[in-house]
Amino acid sequence: CEKPDARPLRQRLLVVANRLPVSAVRKGEDSWSLEMSAGGLVSALLGVKEFEARWIGWAGVNVPDEVGQKALTKALGEKRCIPVFLDEEIVHRYYNGYCNNILWPLFHYLGLPQEDRLATTRSFQSQFEAYKKANQMFADVVHQHYEEGDVVWCHDYHLMFLPKCLKERNNNMKVGWFLHTPFPSSEIHRTLPSRSDLLRSVLAADLVGFHTYDYARHFVSACTRILGLEGTPEGVEDQGRLTRVAAFPIGIDSDRFIRALELPQVQEHIIELKERFAGRKVMLGVDRLDMIKGIPQKILAFEKFLEEYPSWCDKVVLLQIAVPTRTDVPEYQKLTSQVHEIVGRINGRFGTLTAVPIHHLDRSLDFYALCALYAVTDVALVTSLRDGMNLVSYEFVACQDLKKGVLILSEFAGAAQSLGAGAILVNPWNITEVADSIRQALTMTPEEREKRHQHNFVHVTTHTAQEWAETFVSELNDTVIEAQLRTRQ
Ligand code: ADQ
(Lines give C-alpha, C1' and ligand atoms only; values in the text may rest on other atoms or scores of the structure.)
Protein backbone atom coordinates (compact mmCIF):
# COMPACT_ATOMS: atom_id res chain seq x y z
CA CYS A 1 0.00 0.00 0.00
CA GLU A 2 1.08 3.56 -0.61
CA LYS A 3 3.11 5.22 2.13
CA PRO A 4 1.30 8.26 3.57
CA ASP A 5 4.21 10.57 2.72
CA ALA A 6 4.64 9.28 -0.83
CA ARG A 7 4.84 12.21 -3.27
CA PRO A 8 3.72 11.97 -6.89
CA LEU A 9 6.63 11.45 -9.25
CA ARG A 10 7.82 14.68 -10.83
CA GLN A 11 7.71 14.89 -14.61
CA ARG A 12 11.14 14.75 -16.22
CA LEU A 13 12.04 17.71 -18.36
CA LEU A 14 14.88 17.48 -20.87
CA VAL A 15 16.08 21.02 -21.56
CA VAL A 16 18.08 21.08 -24.78
CA ALA A 17 20.14 24.18 -25.50
CA ASN A 18 23.30 24.83 -27.48
CA ARG A 19 25.34 25.44 -24.31
CA LEU A 20 25.11 23.62 -21.01
CA PRO A 21 24.82 25.98 -18.03
CA VAL A 22 28.36 25.10 -16.89
CA SER A 23 31.88 26.08 -17.73
CA ALA A 24 34.22 23.11 -17.86
CA VAL A 25 37.99 23.34 -17.39
CA ARG A 26 40.18 20.28 -17.91
CA LYS A 27 42.48 19.63 -14.94
CA GLY A 28 44.08 16.37 -16.07
CA GLU A 29 43.59 13.49 -18.50
CA ASP A 30 40.46 12.33 -16.67
CA SER A 31 39.57 15.18 -14.37
CA TRP A 32 37.48 18.27 -14.89
CA SER A 33 36.46 21.23 -12.81
CA LEU A 34 32.96 22.52 -13.41
CA GLU A 35 31.31 25.77 -12.52
CA MET A 36 27.54 26.12 -12.82
CA SER A 37 26.48 29.46 -14.32
CA ALA A 38 23.53 31.13 -12.62
CA GLY A 39 21.85 32.40 -15.81
CA GLY A 40 18.14 33.13 -16.07
CA LEU A 41 17.20 29.76 -17.53
CA VAL A 42 18.95 27.85 -14.75
CA SER A 43 17.23 29.75 -11.95
CA ALA A 44 13.94 29.54 -13.85
CA LEU A 45 14.07 25.78 -13.92
CA LEU A 46 15.53 25.27 -10.45
CA GLY A 47 12.59 27.22 -9.06
CA VAL A 48 9.99 24.97 -10.62
CA LYS A 49 9.10 22.11 -8.30
CA GLU A 50 6.70 20.30 -10.63
CA PHE A 51 9.40 18.82 -12.80
CA GLU A 52 12.87 17.49 -12.60
CA ALA A 53 15.08 19.17 -15.18
CA ARG A 54 18.06 17.63 -16.96
CA TRP A 55 20.18 19.60 -19.38
CA ILE A 56 21.48 18.46 -22.73
CA GLY A 57 23.98 20.63 -24.61
CA TRP A 58 27.52 21.36 -25.67
CA ALA A 59 29.96 22.00 -22.82
CA GLY A 60 31.80 24.67 -24.83
CA VAL A 61 35.07 22.68 -25.01
CA ASN A 62 36.59 20.42 -27.62
CA VAL A 63 37.24 16.96 -26.12
CA PRO A 64 38.64 14.74 -28.88
CA ASP A 65 39.70 11.79 -26.68
CA GLU A 66 37.49 9.09 -25.24
CA VAL A 67 39.05 9.22 -21.75
CA GLY A 68 38.32 12.94 -21.49
CA GLN A 69 34.77 12.51 -22.82
CA LYS A 70 33.99 9.74 -20.31
CA ALA A 71 35.34 11.75 -17.39
CA LEU A 72 33.48 14.89 -18.44
CA THR A 73 30.22 12.95 -18.93
CA LYS A 74 30.56 11.53 -15.41
CA ALA A 75 31.34 14.90 -13.80
CA LEU A 76 28.47 16.61 -15.65
CA GLY A 77 26.09 13.80 -14.68
CA GLU A 78 26.40 14.86 -11.04
CA LYS A 79 24.99 18.23 -12.08
CA ARG A 80 22.18 16.65 -14.13
CA CYS A 81 23.92 17.76 -17.33
CA ILE A 82 24.43 15.57 -20.38
CA PRO A 83 27.05 16.64 -22.94
CA VAL A 84 26.84 16.68 -26.72
CA PHE A 85 30.40 16.44 -28.06
CA LEU A 86 31.01 18.62 -31.11
CA ASP A 87 34.38 18.72 -32.83
CA GLU A 88 36.15 21.96 -33.81
CA GLU A 89 35.21 21.72 -37.46
CA ILE A 90 31.47 21.37 -36.69
CA VAL A 91 31.62 24.14 -34.11
CA HIS A 92 33.26 26.40 -36.64
CA ARG A 93 30.66 25.87 -39.36
CA TYR A 94 27.55 25.26 -37.23
CA TYR A 95 28.07 27.62 -34.30
CA ASN A 96 30.36 30.40 -35.55
CA GLY A 97 29.07 30.08 -39.09
CA TYR A 98 25.41 29.30 -39.49
CA CYS A 99 24.19 30.30 -36.00
CA ASN A 100 26.19 33.41 -35.29
CA ASN A 101 27.07 34.70 -38.73
CA ILE A 102 23.77 33.97 -40.46
CA LEU A 103 20.79 33.42 -38.14
CA TRP A 104 21.75 35.85 -35.34
CA PRO A 105 22.16 38.96 -37.57
CA LEU A 106 19.19 38.01 -39.77
CA PHE A 107 16.82 37.55 -36.83
CA HIS A 108 17.93 40.97 -35.53
CA TYR A 109 17.23 42.66 -38.87
CA LEU A 110 20.93 43.09 -39.75
CA GLY A 111 20.56 41.07 -42.96
CA LEU A 112 22.63 38.27 -44.45
CA PRO A 113 26.42 38.56 -44.91
CA GLN A 114 27.13 40.24 -48.24
CA GLU A 115 30.93 40.43 -48.71
CA ASP A 116 31.29 38.13 -51.67
CA ARG A 117 28.03 36.75 -52.94
CA LEU A 118 29.39 33.57 -54.55
CA ALA A 119 31.73 32.66 -51.72
CA THR A 120 28.95 33.38 -49.24
CA THR A 121 26.52 31.15 -51.08
CA ARG A 122 29.02 28.28 -51.18
CA SER A 123 29.97 28.59 -47.53
CA PHE A 124 26.32 29.12 -46.68
CA GLN A 125 25.48 25.66 -47.98
CA SER A 126 28.32 24.01 -46.11
CA GLN A 127 27.39 25.84 -42.92
CA PHE A 128 23.78 24.77 -43.26
CA GLU A 129 24.88 21.14 -43.71
CA ALA A 130 26.95 21.45 -40.51
CA TYR A 131 23.96 23.02 -38.74
CA LYS A 132 21.75 20.06 -39.69
CA LYS A 133 24.46 17.62 -38.69
CA ALA A 134 24.96 19.29 -35.30
CA ASN A 135 21.19 19.26 -34.69
CA GLN A 136 21.17 15.52 -35.53
CA MET A 137 23.92 15.01 -32.95
CA PHE A 138 21.79 16.77 -30.33
CA ALA A 139 18.85 14.56 -31.36
CA ASP A 140 20.99 11.41 -30.91
CA VAL A 141 21.79 12.38 -27.33
CA VAL A 142 18.16 13.31 -26.53
CA HIS A 143 17.04 9.99 -27.97
CA GLN A 144 19.53 8.02 -25.82
CA HIS A 145 18.29 9.65 -22.63
CA TYR A 146 14.58 9.98 -23.38
CA GLU A 147 12.07 8.02 -21.28
CA GLU A 148 8.38 7.77 -22.07
CA GLY A 149 6.44 10.69 -20.58
CA ASP A 150 9.41 13.10 -20.62
CA VAL A 151 8.92 16.60 -21.92
CA VAL A 152 11.61 17.81 -24.33
CA TRP A 153 12.10 21.58 -24.42
CA CYS A 154 14.40 22.82 -27.21
CA HIS A 155 15.85 26.31 -26.99
CA ASP A 156 16.78 28.96 -29.45
CA TYR A 157 17.92 29.57 -32.99
CA HIS A 158 20.78 27.08 -32.70
CA LEU A 159 18.31 24.19 -32.63
CA MET A 160 15.62 24.96 -35.19
CA PHE A 161 16.24 21.67 -36.94
CA LEU A 162 15.90 19.65 -33.75
CA PRO A 163 12.09 19.28 -33.45
CA LYS A 164 11.98 17.54 -36.84
CA CYS A 165 14.94 15.25 -36.00
CA LEU A 166 13.26 14.27 -32.73
CA LYS A 167 9.80 13.62 -34.16
CA GLU A 168 11.24 11.54 -37.00
CA ARG A 169 12.67 9.18 -34.40
CA ASN A 170 9.70 9.16 -32.06
CA ASN A 171 6.48 10.84 -33.06
CA ASN A 172 5.06 10.45 -29.54
CA MET A 173 7.76 12.60 -27.94
CA LYS A 174 6.36 15.83 -26.43
CA VAL A 175 8.47 18.52 -28.06
CA GLY A 176 8.41 22.27 -27.40
CA TRP A 177 10.67 24.89 -28.99
CA PHE A 178 11.26 28.40 -27.68
CA LEU A 179 13.07 31.25 -29.43
CA HIS A 180 15.01 33.73 -27.25
CA THR A 181 15.68 36.21 -30.08
CA PRO A 182 13.09 38.10 -32.11
CA PHE A 183 11.51 36.25 -35.00
CA PRO A 184 11.72 38.79 -37.83
CA SER A 185 9.07 39.91 -40.27
CA SER A 186 8.37 37.29 -42.97
CA GLU A 187 9.89 39.74 -45.50
CA ILE A 188 13.25 39.30 -43.72
CA HIS A 189 12.92 35.58 -43.11
CA ARG A 190 12.16 34.91 -46.76
CA THR A 191 15.65 36.10 -47.79
CA LEU A 192 17.17 33.09 -46.01
CA PRO A 193 18.09 30.36 -48.53
CA SER A 194 17.04 27.61 -46.07
CA ARG A 195 13.85 29.45 -45.07
CA SER A 196 11.40 26.60 -45.79
CA ASP A 197 13.48 23.80 -44.25
CA LEU A 198 13.79 25.71 -40.99
CA LEU A 199 10.10 26.60 -40.77
CA ARG A 200 8.99 23.04 -41.53
CA SER A 201 11.35 21.66 -38.95
CA VAL A 202 10.16 24.01 -36.20
CA LEU A 203 6.57 23.14 -37.10
CA ALA A 204 7.30 19.51 -36.19
CA ALA A 205 7.22 20.64 -32.52
CA ASP A 206 3.94 20.44 -30.60
CA LEU A 207 4.32 23.93 -29.12
CA VAL A 208 6.36 26.86 -30.48
CA GLY A 209 6.96 29.83 -28.18
CA PHE A 210 8.23 33.39 -28.55
CA HIS A 211 8.75 36.30 -26.15
CA THR A 212 6.10 38.52 -27.73
CA TYR A 213 2.89 38.28 -29.66
CA ASP A 214 4.53 40.17 -32.57
CA TYR A 215 7.27 37.54 -32.99
CA ALA A 216 4.63 34.77 -32.90
CA ARG A 217 2.63 36.64 -35.55
CA HIS A 218 5.73 37.04 -37.77
CA PHE A 219 6.38 33.30 -37.51
CA VAL A 220 2.80 32.39 -38.44
CA SER A 221 2.83 34.76 -41.39
CA ALA A 222 6.19 33.34 -42.58
CA CYS A 223 4.53 29.90 -42.54
CA THR A 224 1.52 31.13 -44.50
CA ARG A 225 3.49 33.18 -47.04
CA ILE A 226 6.47 30.92 -47.54
CA LEU A 227 4.95 27.48 -47.00
CA GLY A 228 1.37 28.30 -48.02
CA LEU A 229 0.00 26.85 -44.77
CA GLU A 230 -3.04 28.03 -42.90
CA GLY A 231 -2.55 30.30 -39.88
CA THR A 232 -5.24 30.01 -37.18
CA PRO A 233 -5.63 31.85 -33.86
CA GLU A 234 -4.01 28.81 -32.19
CA GLY A 235 -1.06 28.41 -34.53
CA VAL A 236 -0.31 26.82 -37.89
CA GLU A 237 -2.24 23.97 -39.47
CA ASP A 238 -0.77 21.52 -41.96
CA GLN A 239 -2.95 18.70 -43.32
CA GLY A 240 -5.06 18.51 -40.17
CA ARG A 241 -2.08 18.71 -37.75
CA LEU A 242 -1.93 21.84 -35.61
CA THR A 243 1.32 23.29 -34.26
CA ARG A 244 0.42 25.57 -31.41
CA VAL A 245 2.20 28.96 -31.60
CA ALA A 246 2.01 31.42 -28.70
CA ALA A 247 3.81 34.15 -26.75
CA PHE A 248 5.49 33.28 -23.43
CA PRO A 249 7.34 36.39 -22.22
CA ILE A 250 10.32 35.37 -20.07
CA GLY A 251 11.00 36.96 -16.68
CA ILE A 252 13.78 36.87 -14.09
CA ASP A 253 14.15 35.31 -10.66
CA SER A 254 13.30 38.68 -9.07
CA ASP A 255 13.56 37.39 -5.48
CA ARG A 256 17.20 36.50 -6.04
CA PHE A 257 17.97 40.15 -6.89
CA ILE A 258 15.79 41.61 -4.13
CA ARG A 259 17.31 39.32 -1.48
CA ALA A 260 20.85 40.06 -2.71
CA LEU A 261 20.41 43.75 -1.90
CA GLU A 262 20.38 42.88 1.82
CA LEU A 263 23.68 41.00 1.71
CA PRO A 264 26.69 42.66 3.37
CA GLN A 265 28.89 42.28 0.28
CA VAL A 266 26.29 44.14 -1.82
CA GLN A 267 25.79 46.80 0.85
CA GLU A 268 29.57 47.39 0.91
CA HIS A 269 29.62 47.89 -2.85
CA ILE A 270 26.67 50.27 -2.59
CA ILE A 271 28.46 52.43 0.00
CA GLU A 272 31.63 52.54 -2.14
CA LEU A 273 29.70 53.49 -5.27
CA LYS A 274 27.73 56.21 -3.48
CA GLU A 275 30.96 57.74 -2.19
CA ARG A 276 32.67 57.45 -5.54
CA PHE A 277 29.87 59.21 -7.44
CA ALA A 278 28.64 61.58 -4.73
CA GLY A 279 27.07 64.73 -6.17
CA ARG A 280 26.50 63.15 -9.60
CA LYS A 281 23.53 61.33 -11.08
CA VAL A 282 24.44 57.82 -12.17
CA MET A 283 23.36 56.49 -15.55
CA LEU A 284 23.97 52.83 -16.35
CA GLY A 285 24.27 50.57 -19.40
CA VAL A 286 24.90 46.81 -18.98
CA ASP A 287 25.16 44.79 -22.16
CA ARG A 288 27.01 42.05 -23.94
CA LEU A 289 29.21 43.86 -26.46
CA ASP A 290 27.09 42.96 -29.47
CA MET A 291 25.91 44.97 -32.48
CA ILE A 292 22.29 44.41 -31.51
CA LYS A 293 22.69 46.18 -28.17
CA GLY A 294 23.13 49.63 -29.75
CA ILE A 295 26.09 50.65 -27.57
CA PRO A 296 27.63 53.23 -29.99
CA GLN A 297 24.17 54.78 -30.50
CA LYS A 298 23.70 55.01 -26.72
CA ILE A 299 27.04 56.73 -26.19
CA LEU A 300 26.45 59.15 -29.07
CA ALA A 301 23.06 60.03 -27.56
CA PHE A 302 24.79 60.74 -24.24
CA GLU A 303 27.24 63.01 -26.09
CA LYS A 304 24.32 64.83 -27.71
CA PHE A 305 22.77 65.26 -24.26
CA LEU A 306 25.98 66.83 -22.88
CA GLU A 307 26.18 69.06 -25.95
CA GLU A 308 22.54 70.23 -25.64
CA TYR A 309 22.51 70.56 -21.85
CA PRO A 310 26.10 71.55 -20.87
CA SER A 311 25.12 72.44 -17.29
CA TRP A 312 24.79 68.67 -16.68
CA CYS A 313 28.44 67.94 -17.65
CA ASP A 314 29.85 67.63 -14.14
CA LYS A 315 26.61 66.43 -12.57
CA VAL A 316 26.14 63.13 -14.37
CA VAL A 317 28.20 60.05 -15.16
CA LEU A 318 27.47 57.20 -17.57
CA LEU A 319 28.75 53.79 -16.48
CA GLN A 320 28.78 51.44 -19.45
CA ILE A 321 29.59 47.82 -18.57
CA ALA A 322 30.04 45.69 -21.68
CA VAL A 323 30.99 42.02 -21.55
CA PRO A 324 33.04 41.13 -24.63
CA THR A 325 31.56 38.26 -26.65
CA ARG A 326 32.66 36.48 -29.86
CA THR A 327 36.01 38.23 -29.55
CA ASP A 328 37.51 36.23 -32.43
CA VAL A 329 35.00 37.65 -34.95
CA PRO A 330 36.30 40.69 -36.93
CA GLU A 331 32.94 42.58 -36.76
CA TYR A 332 32.97 42.32 -32.98
CA GLN A 333 36.60 43.47 -32.81
CA LYS A 334 35.62 46.43 -34.96
CA LEU A 335 32.70 47.22 -32.67
CA THR A 336 35.00 47.19 -29.61
CA SER A 337 37.44 49.64 -31.26
CA GLN A 338 34.56 51.84 -32.38
CA VAL A 339 33.15 52.04 -28.84
CA HIS A 340 36.61 52.78 -27.37
CA GLU A 341 37.17 55.50 -29.94
CA ILE A 342 33.83 57.23 -29.23
CA VAL A 343 34.25 57.00 -25.44
CA GLY A 344 37.81 58.43 -25.69
CA ARG A 345 36.65 61.30 -27.86
CA ILE A 346 33.73 62.23 -25.56
CA ASN A 347 35.83 61.99 -22.40
CA GLY A 348 38.48 64.16 -24.05
CA ARG A 349 35.84 66.66 -25.07
CA PHE A 350 33.75 66.88 -21.87
CA GLY A 351 36.07 65.55 -19.13
CA THR A 352 37.83 67.69 -16.53
CA LEU A 353 41.00 67.08 -14.54
CA THR A 354 38.92 65.51 -11.78
CA ALA A 355 36.05 63.76 -13.56
CA VAL A 356 35.21 62.01 -16.83
CA PRO A 357 31.64 61.69 -18.10
CA ILE A 358 31.85 58.05 -19.26
CA HIS A 359 33.31 55.05 -17.43
CA HIS A 360 33.45 52.19 -19.86
CA LEU A 361 34.38 48.69 -18.68
CA ASP A 362 34.99 45.85 -21.13
CA ARG A 363 34.18 43.06 -18.74
CA SER A 364 31.68 41.03 -16.85
CA LEU A 365 30.78 41.99 -13.29
CA ASP A 366 30.00 39.48 -10.58
CA PHE A 367 26.41 39.18 -9.42
CA TYR A 368 26.88 41.20 -6.20
CA ALA A 369 28.65 44.10 -7.93
CA LEU A 370 25.95 44.11 -10.60
CA CYS A 371 23.13 44.27 -8.01
CA ALA A 372 24.88 47.15 -6.23
CA LEU A 373 25.26 49.06 -9.50
CA TYR A 374 21.62 48.55 -10.36
CA ALA A 375 20.64 49.79 -6.88
CA VAL A 376 22.61 53.08 -7.05
CA THR A 377 21.57 53.95 -10.60
CA ASP A 378 19.33 56.95 -11.30
CA VAL A 379 18.69 56.22 -14.98
CA ALA A 380 19.24 52.92 -16.84
CA LEU A 381 19.73 53.10 -20.59
CA VAL A 382 18.74 50.07 -22.67
CA THR A 383 19.05 51.03 -26.33
CA SER A 384 19.06 47.68 -28.16
CA LEU A 385 18.53 47.99 -31.91
CA ARG A 386 16.64 44.69 -31.62
CA ASP A 387 16.45 42.36 -28.61
CA GLY A 388 14.32 39.28 -28.00
CA MET A 389 13.39 40.49 -24.52
CA ASN A 390 16.32 42.13 -22.61
CA LEU A 391 16.67 40.94 -19.05
CA VAL A 392 18.90 43.82 -17.94
CA SER A 393 15.82 46.07 -17.90
CA TYR A 394 14.05 43.56 -15.60
CA GLU A 395 17.07 43.21 -13.28
CA PHE A 396 17.37 47.00 -12.96
CA VAL A 397 13.69 47.34 -11.98
CA ALA A 398 13.99 44.52 -9.41
CA CYS A 399 16.85 46.37 -7.65
CA GLN A 400 15.20 49.80 -7.62
CA ASP A 401 12.49 49.56 -5.02
CA LEU A 402 14.23 52.11 -2.79
CA LYS A 403 15.57 54.53 -5.36
CA LYS A 404 12.81 54.33 -8.00
CA GLY A 405 15.09 55.22 -10.87
CA VAL A 406 13.98 55.67 -14.46
CA LEU A 407 14.31 53.13 -17.25
CA ILE A 408 14.92 54.42 -20.78
CA LEU A 409 14.07 51.49 -23.01
CA SER A 410 14.32 50.81 -26.73
CA GLU A 411 11.00 50.20 -28.40
CA PHE A 412 12.76 47.42 -30.34
CA ALA A 413 13.40 45.28 -27.24
CA GLY A 414 10.75 42.68 -26.42
CA ALA A 415 10.70 44.19 -22.91
CA ALA A 416 9.05 47.31 -24.38
CA GLN A 417 5.82 45.27 -24.56
CA SER A 418 5.86 44.52 -20.84
CA LEU A 419 7.69 47.49 -19.26
CA GLY A 420 6.62 50.11 -21.80
CA ALA A 421 4.06 51.80 -19.52
CA GLY A 422 6.65 52.44 -16.79
CA ALA A 423 9.69 53.16 -18.95
CA ILE A 424 10.45 56.03 -21.31
CA LEU A 425 10.34 54.32 -24.70
CA VAL A 426 12.77 55.51 -27.38
CA ASN A 427 13.84 54.80 -30.94
CA PRO A 428 17.57 54.11 -30.35
CA TRP A 429 18.42 55.27 -33.89
CA ASN A 430 17.10 58.75 -33.06
CA ILE A 431 19.96 60.18 -31.05
CA THR A 432 18.22 63.53 -30.44
CA GLU A 433 15.15 61.77 -29.05
CA VAL A 434 17.29 59.64 -26.72
CA ALA A 435 19.20 62.75 -25.56
CA ASP A 436 15.90 64.47 -24.74
CA SER A 437 14.71 61.37 -22.89
CA ILE A 438 17.87 61.46 -20.77
CA ARG A 439 16.99 65.00 -19.72
CA GLN A 440 13.37 64.01 -19.07
CA ALA A 441 14.53 61.09 -16.90
CA LEU A 442 17.03 63.16 -14.92
CA THR A 443 14.48 65.88 -14.16
CA MET A 444 11.43 63.69 -13.54
CA THR A 445 9.43 64.43 -10.38
CA PRO A 446 9.62 61.87 -7.56
CA GLU A 447 5.86 61.25 -7.87
CA GLU A 448 6.13 60.32 -11.53
CA ARG A 449 9.19 58.14 -10.92
CA GLU A 450 7.33 56.33 -8.15
CA LYS A 451 4.28 55.73 -10.38
CA ARG A 452 6.35 54.44 -13.29
CA HIS A 453 8.55 52.28 -11.10
CA GLN A 454 5.58 50.74 -9.31
CA HIS A 455 4.05 49.66 -12.59
CA ASN A 456 7.23 47.92 -13.68
CA PHE A 457 8.10 46.48 -10.26
CA VAL A 458 4.73 44.72 -10.04
CA HIS A 459 5.27 43.27 -13.49
CA VAL A 460 8.83 42.08 -12.83
CA THR A 461 7.98 40.47 -9.49
CA THR A 462 4.88 38.67 -10.73
CA HIS A 463 5.95 37.57 -14.22
CA THR A 464 9.00 35.64 -13.11
CA ALA A 465 11.25 33.14 -14.81
CA GLN A 466 9.68 30.33 -12.79
CA GLU A 467 6.20 31.34 -13.90
CA TRP A 468 7.42 31.46 -17.50
CA ALA A 469 8.86 27.93 -17.38
CA GLU A 470 5.81 26.51 -15.62
CA THR A 471 3.42 28.10 -18.10
CA PHE A 472 5.36 26.84 -21.13
CA VAL A 473 5.62 23.27 -19.89
CA SER A 474 2.02 23.01 -18.72
CA GLU A 475 0.83 24.46 -22.03
CA LEU A 476 2.95 21.87 -23.83
CA ASN A 477 1.39 19.05 -21.79
CA ASP A 478 -2.12 20.42 -22.51
CA THR A 479 -1.40 20.86 -26.21
CA VAL A 480 -0.38 17.22 -26.56
CA ILE A 481 -3.47 15.99 -24.69
CA GLU A 482 -5.73 18.13 -26.88
CA ALA A 483 -4.05 16.81 -30.04
CA GLN A 484 -4.55 13.21 -28.86
CA LEU A 485 -8.24 13.92 -28.18
CA ARG A 486 -8.62 15.46 -31.64
CA THR A 487 -7.15 12.44 -33.40
CA ARG A 488 -9.41 10.07 -31.44
CA GLN A 489 -12.56 11.97 -32.46
P1 ADQ B 1 21.21 38.17 -24.11
O2 ADQ B 1 21.41 38.76 -25.46
O3 ADQ B 1 22.40 37.64 -23.46
O4 ADQ B 1 20.08 37.03 -24.10
P5 ADQ B 1 19.84 39.81 -21.96
O6 ADQ B 1 18.43 39.38 -21.92
O7 ADQ B 1 20.02 41.27 -21.79
O8 ADQ B 1 20.59 39.43 -23.29
O9 ADQ B 1 20.60 39.07 -20.79
C10 ADQ B 1 21.94 39.33 -20.52
C11 ADQ B 1 22.32 38.75 -19.17
O12 ADQ B 1 23.73 38.90 -19.04
C13 ADQ B 1 21.67 39.48 -18.02
O14 ADQ B 1 21.30 38.55 -17.03
C15 ADQ B 1 22.78 40.41 -17.50
O16 ADQ B 1 22.78 40.61 -16.09
C17 ADQ B 1 24.03 39.66 -17.88
N18 ADQ B 1 25.08 40.65 -18.22
C19 ADQ B 1 25.13 41.45 -19.29
N20 ADQ B 1 26.22 42.24 -19.23
C21 ADQ B 1 26.87 41.91 -18.10
C22 ADQ B 1 28.07 42.37 -17.46
N23 ADQ B 1 28.85 43.30 -17.99
N24 ADQ B 1 28.42 41.80 -16.30
C25 ADQ B 1 27.66 40.83 -15.76
N26 ADQ B 1 26.53 40.37 -16.29
C27 ADQ B 1 26.13 40.89 -17.44
C28 ADQ B 1 19.18 36.42 -25.05
C29 ADQ B 1 18.38 37.38 -25.93
C30 ADQ B 1 17.61 38.36 -25.06
C31 ADQ B 1 16.69 37.59 -24.10
C32 ADQ B 1 17.48 36.53 -23.34
C33 ADQ B 1 16.57 35.63 -22.52
O34 ADQ B 1 19.24 38.06 -26.83
O35 ADQ B 1 16.83 39.24 -25.86
O36 ADQ B 1 16.14 38.50 -23.17
O37 ADQ B 1 18.22 35.71 -24.24
O38 ADQ B 1 15.59 35.03 -23.32
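The values are calculated or read from the model by the stated rules, or taken from the named source; none is laboratory data. The structure presented is a predicted model; accordingly, all values stated were derived computationally and were not measured. Heads up, the Cβs are rebuilt from the backbone with ideal geometry, glycines too, and the neighbour counts pull from every protein chain shown.
A few comments on the model shown:
So that you can scan it fast, the table gives a plain yes or no per residue for (1) within 15 Å of the ligand (Cβ to nearest atom); (2) surrounded by fewer than 20 Cβ atoms within 10 Å (Cβ to Cβ); (3) on the phi > 0 side of the Ramachandran plot:
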{"site": "169", "(1), (2), (3)": "no, yes, no"}
{"site": "172", "(1), (2), (3)": "no, yes, no"}
{"site": "190", "(1), (2), (3)": "no, yes, no"}
{"site": "198", "(1), (2), (3)": "no, no, no"}
{"site": "206", "(1), (2), (3)": "no, no, no"}
{"site": "238", "(1), (2), (3)": "no, yes, no"}
{"site": "243", "(1), (2), (3)": "no, no, no"}
{"site": "254", "(1), (2), (3)": "yes, no, no"}
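- Looking across region 328-351, just one residue is β-branched (Val, Ile, Thr) and surrounded by fewer than 15 Cβ atoms within 10 Å (Cβ to Cβ), and that is 329.
- When each of 416, 398, 483 is tested for being surrounded by fewer than 21 Cβ atoms within 10 Å (Cβ to Cβ), out of contact with any Gly (no Cβ under 8 Å at 6 or more places or on another chain) and of a type in the set (Gly, Ala, Ser), the lone residue that passes is 483.
- Beta carbons closer than 6 Å, at least 6 apart along the sequence or on distinct chains, pair a first residue in region 150-164 that is more than 17 Å from residue 53 (Cα to Cα) with a second that is part of a loop (DSSP other than H, G, I, E, B) for 156/180; 157/181; 163/204; 163/205; 164/204.
- Consider region 285-327 and keep the residues that are among the small types (Gly, Ala, Ser) and in a helix (DSSP H, G or I). The one that is farthest from the ligand (Cβ to nearest atom) is 311.
- Cβ separations smaller than 6 Å between residues 6+ apart or across chains give the following pairs from region 10-38 residues that are among the basic types (Lys, Arg) to residues that are loosely packed, with under 14 Cβ neighbours inside 10 Å: 27/33.
Here's the yes/no breakdown for (1) basic (Lys, Arg); (2) within 21 Å of residue 302 (Cβ to Cβ); (3) in a strand (DSSP E or B):
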| position | (1), (2), (3) |
| --- | --- |
| 385 | no, yes, no |
| 404 | yes, no, no |
| 417 | no, no, no |
| 422 | no, no, no |
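- Hits in region 72-84 (condition: without any contact (Cβ under 8 Å) to a residue 24 or more places away in the chain and touching a strand residue (DSSP E or B) at 6+ places or on another chain (Cβ under 8 Å)): 73
- Residue selected from region 359-401 under the condition free of Cβ contacts under 8 Å to residues at least 40 places away in the same chain and not hydroxyl-bearing (Ser, Thr, Tyr), by the criterion nearest to the ligand (Cβ to nearest atom): 390
- Residues of region 328-344 satisfying the condition of being assigned to a helix (DSSP H, G or I) and touching a residue at least 24 places away in the same chain (Cβ under 8 Å): 331, 332, 335, 336, 338, 339, 342, 343
- Test: residue in region 268-281 that is aromatic (Phe, Trp, Tyr), in contact (Cβ under 8 Å) with a residue 12 or more places away in the chain and within 16 Å of the ligand (Cβ to nearest atom): no
- Failed criterion for residue 125 (all others in (1) within 17 Å of residue 208 (Cβ to Cβ); (2) modelled with pLDDT under 95 hold): (1)
- Residue within region 422-442 that is buried (at least 19 other Cβ atoms within 10 Å of the Cβ), within 16 Å of the ligand (Cβ to nearest atom) and of a type in the set (Gly, Ala, Ser) present: yes
- Among the residues here, residue 232 does not qualify as over 26 Å from residue 169 (Cα atoms), in contact (Cβ under 8 Å) with a residue 12 or more places away in the chain and of a type in the set (Ser, Thr, Tyr).
- Within region 410-438, residues that are farther than 17 Å from residue 109 by Cα sit with their Cβ atoms under 7 Å from residues that are within 16 Å of the ligand (Cβ to nearest atom) and charged (D, E, K, R), at 6+ positions apart or across chains, in these pairs: 425/411; 426/411.
- Qualifying residue in region 227-250 (condition: in a helix (DSSP H, G or I) and not small (Gly, Ala, Ser)): yes
- Count - residues of region 259-270 that are part of a helix (DSSP H, G or I) and surrounded by 12 or more Cβ atoms within 10 Å (Cβ to Cβ): 8
- Selection status of residue 437, part of a loop (DSSP other than H, G, I, E, B), at pLDDT 95 or above and among the small types (Gly, Ala, Ser): no
- Boolean, residue 57 is within 16 Å of the ligand (Cβ to nearest atom), farther than 28 Å from residue 260 by Cα, at pLDDT 90 or above and under 26 Å from the mean Cα position of the chain (by Cα): yes
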